[in-house]
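Worksheet for the structure shown next.
Derivation of every value follows stated rules applied to the coordinates shown; laboratory data play no part. Keep in mind that what you see is a predicted model, and the values were worked out from it rather than measured. Cβ sites come from the backbone with ideal geometry, for glycine too, and all protein chains shown count toward neighbours.
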Amino acid sequence: MLRLVAFAVIAALATALSGCGGGPAPVLTGARCLARLDSQGVVYRTVDLGAQKDPRCHVDTAVKVSRVDEPLNHPVTMSCVLASRLDEFERGAVQKLAMADLGRRVVRIDHLGAYSCRASTGRRDQLSEHAYGLAIDVSGFRLSDGTGISVEHDWSPPGPKRNFLIHLARAACGYFSVVLTPNSNREHFNHMHLDIGPQRLCSV
């Protein structure tokens, strides 16, 4: 009975955090956005991306982020507004679900990259949201006891790690416009793609 109650509480939390209609459209840019990062305690530096191989690749208020509330596995370039959203996601969903499902805090977010001036994997005639610094590929997490959580290895096997990743992906739909997971296609076997572009898709 206690296990059923616990599961119901976790499911309710994930549902409350999800709202799979996609997050609000980005609005803050420039100095106002940087001021918001400062108020959130995000550790970053502004970057000048210079000329790109494709002139359509443009990042509004580009920043290189080394940590949001907790560190990233390595610094990564993205738009300021994505950095702010990632911090909100960590504080509002990642930590809450990690405690609910795993009983530990997340102390590091692992990613495969954010900004990249390239085409979409699904449509070669269209730029990816990565090309605008509006997407990040999250591959896993490190917990406070040193345990690693990997999208590639822990998405499918039953257990607390899978539960955490599934609940987290659902919750991500309330913060990001598009959420793609290993359930979406073979290109996402090892990460969750999170973006705040104009499209809407919660593929969990």
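Key figures for this structure:
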{"quantity": "Residues located in region 81-131, provided they are over 15 Å from the mean Cα position of the chain (by Cα), more than 22 Å from residue 153 (Cβ to Cβ) and of a type in the set (Ser, Thr, Tyr)", "calculated": "116, 120, 128"}
{"quantity": "Checking residue 138 against (1) within 16 Å of residue 72 (Cβ to Cβ); (2) in contact (Cβ under 8 Å) with a residue 60 or more places away in the chain, the condition it does not meet", "calculated": "(2)"}
{"quantity": "Residue that is nearest to residue 137 (Cα to Cα) [pool: residues in region 176-193 that are touching a residue at least 24 places away in the same chain (Cβ under 8 Å) and of a type in the set (A, V, I, L, M)]", "calculated": "192"}
{"quantity": "Region 51-72, subset within 12 Å of residue 115 (Cβ to Cβ) and among the hydrophobic types (A, V, I, L, M, F, W, C), residue surrounded by the most Cβ atoms within 10 Å (Cβ to Cβ)", "calculated": "63"}
{"quantity": "Inter-residue pairs, beta-carbon under 9 Å, first in contact (Cβ under 8 Å) with a residue 12 or more places away in the chain and more than 23 Å from residue 195 (Cβ to Cβ) and in region 146-174, second surrounded by fewer than 15 Cβ atoms within 10 Å (Cβ to Cβ) and not hydrophobic (A, V, I, L, M, F, W, C), 6+ apart", "calculated": "160/103; 161/147; 161/153"}
{"quantity": "Cross-chain or 6+ apart pairs with Cβ under 6 Å, region 83-111 first and without any contact (Cβ under 8 Å) to a residue 24 or more places away in the chain and surrounded by 15 or more Cβ atoms within 10 Å (Cβ to Cβ), then of a type outside the set (Asp, Glu) and not in a helix (DSSP H, G or I)", "calculated": "90/68"}
